[in-house]
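The values are calculated or read from the model by the stated rules, or taken from the named source; none is laboratory data. Everything numeric in this text was worked out from a predicted model, so none of it was measured. Methodologically, a virtual Cβ is constructed for each residue, glycine included, from the backbone with ideal geometry; neighbour enumeration extends over all protein chains shown. Surface accessibility is based on the protein's heavy atoms, side chains included, excluding ligands, DNA and RNA. Shrake-Rupley method; radii C 1.70, N 1.55, O 1.52, S 1.80 Å.
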Amino acid sequence: MAISSDQIKFWSENVENQIPKPILKKLSPLSQKNCDYYSNLLLSKNSIHAADANFCALAKLACTSVFQKANIVKDTYTREKTYGRFSAALHRHQDIKNEDPFAFYRLSALKEGKLIHLPHLKESLPDRAFLPQQMASKIPLNYDAISRIFPDSDISGKTKETIQTTLAYCNAEAIQGETESCPKSLEEMVGFAKSTLGGKKVVALTTKNTRGSNSAVRIGKIKEYGGGKKIVACHEAFLPFAAYFCHSLSSTRLYAVDVVVDRETGSNVVNTMLGICHMDTSQWPKDHVAFQILKFGPGEGEACHWFTKLDLAWIADE
């Protein structure tokens with residue numbers, strides 16, 4: 001029996017809507033037999049590297065061969081994922097020149113008919129699958145453990161830096177009013193959303209398409225979700241396996257926004273995207289990149305950003 005079948009069943013039991021296609025592609029290709037075998041290796045040797053170098057291919061993980069092809073992984077990850085974390089330590093040394101100037105916007109930009117420039121939202125990180133829960137639960141969130149467990153993941157350069165960036169996000173102290181987690185499996189992510197939001201089931205929302213990315217688009221119809229209640233946002237994090245950084249902040253608003261992409265042919269394409277606005281920025285570090293882009297300080301305004309196809313927003317099922 002395939003692990004993906006268990007993951008689909010778990011989703012249907014805990015999430016009201018179907019798995020988004022980009023997340024569906026991240027389900028584990030491992031069989032239960034393979035899962036049991038590698039889980040036992042983790043328990044007995046705390047390592048898979050020495051026992052079976054085929055593990056990454058079987059589990060659809062990102063190892064050396066993938067890393068070598070992804071020369072821009074470090075640059076894109078640090079530039080495009082900074083909105084996922086609010087720790088001052090992570091942003092103190094960032095150079096605004098390396099940041100997308102359209103990564104954040106004000107709520108006033110969400111007016112029907114208004115032109116807005118989208119940031120670069122197309123995913124450029126290597127594809128990875130979720131690990132089965134019984135394996136993911138045994139993996140600590142530290143670099144020594146990850147480099148020991150996964151074949152050839154301990155290499156120098158951008159790969160190591162990127163993994164360390166993820167671990168810094170995950171291990172940084174939460175800001176006041178923030179609930180956070182770095183789920184290492186699909187089950188952990190859904191579980192965090194449920195425990196934070198409450199209720200028997202949750203609803204998963206995401207951007208359906210990133211057409212218009214890195215270009216000017218026109219705002220169409222806007223729908224707000226959540227009604228002022230808690231929202232959990234989960235942003236794709238980079239580890240050899242599929243992982244996320246999830247958090248919930250107070251005073252957050254979530255919107256489904258139709259954006260109209262103009263084409264040279266004269267025809268227009270309407271694309272529905274997910275945007276989130278953090279209305280209270282008073283506890284954010286003063287050197288957060290959002291303030292550099294929006295030109296104000298903590299507590300002086302709201303900061304909004306878009307979701308990619310792989311990022312997820314969770315709301316309670318009503």
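Going through (1) open to solvent by 30 Å² or more (accessible area, probe 1.4 Å); (2) modelled with pLDDT under 90 one by one, Ile222 falls short only on (2). Listed by position, the strands (runs of 3 or more DSSP E) inside region 261-318 whose residues that are in contact with a helix residue (DSSP H, G or I) (Cβ under 8 Å, 6 or more places away or on another chain) number at least 3 are 303-306, 312-316. Sort out which residues of region 177-230 are over 18 Å from Val15 (Cα atoms) and free of Cβ contacts under 8 Å to residues at least 12 places away in the same chain, and write them in order of number. Passing the criteria: only Gly227. Just so you know, in region 184-212 the residues that are among the polar types (S, T, N, Q) and either open to solvent by 20 Å² or more (accessible area, probe 1.4 Å) or assigned to a helix (DSSP H, G or I) (or both) include one that is nearest to Ala242 (Cα to Cα), and it is Thr206.
For Ala233, the stated conditions do not hold, so it cannot be described as surrounded by fewer than 21 Cβ atoms within 10 Å (Cβ to Cβ), more than 18 Å from Gln7 (Cβ to Cβ) and either without any contact (Cβ under 8 Å) to a residue 40 or more places away in the chain or under 19 Å from the mean Cα position of the chain (by Cα) (or both). A single member of Leu254, Leu274, Leu249 is open to solvent by 10 Å² or more (accessible area, probe 1.4 Å) and not hydroxyl-bearing (Ser, Thr, Tyr), and it is Leu249.
Counting only residues that are among the β-branched types (Val, Ile, Thr) and assigned to a helix (DSSP H, G or I), region 161-183 holds 4 of them.
Applying a threshold of 7 Å to beta carbon distances and a minimum spacing of six or more residues, or different chains, the list of pairs starting in region 282-310 at a residue that is over 18 Å from Ile116 (Cβ atoms) and open to solvent by 30 Å² or more (accessible area, probe 1.4 Å) and ending at one that is in a helix (DSSP H, G or I) and among the small types (Gly, Ala, Ser) reads Asp287/Ala88. If the condition is being in contact with a His (Cβ under 8 Å, 6 or more places away or on another chain), in a loop (DSSP other than H, G, I, E, B) and farther than 24 Å from Leu24 by Cα, then region 213-246 contributes Asn214, Ser215.
Taken as a whole, the structure places Thr308 among residues that are modelled with pLDDT of 90 or more and closer than 30 Å to Lys60 by Cα.
The single condition from (1) open to solvent by less than 50 Å² (accessible area, probe 1.4 Å); (2) under 29 Å from Ile222 (Cα atoms); (3) out of contact with any Phe, Trp or Tyr (no Cβ under 9 Å at 6 or more places or on another chain) that Ser147 fails is (2). Here is a list: Tyr105, Tyr77. Which entry is open to solvent by less than 60 Å² (accessible area, probe 1.4 Å), modelled with pLDDT of 80 or more and hydroxyl-bearing (Ser, Thr, Tyr)? Of the residues listed, the single one that is open to solvent by less than 60 Å² (accessible area, probe 1.4 Å), modelled with pLDDT of 80 or more and hydroxyl-bearing (Ser, Thr, Tyr) is Tyr105.
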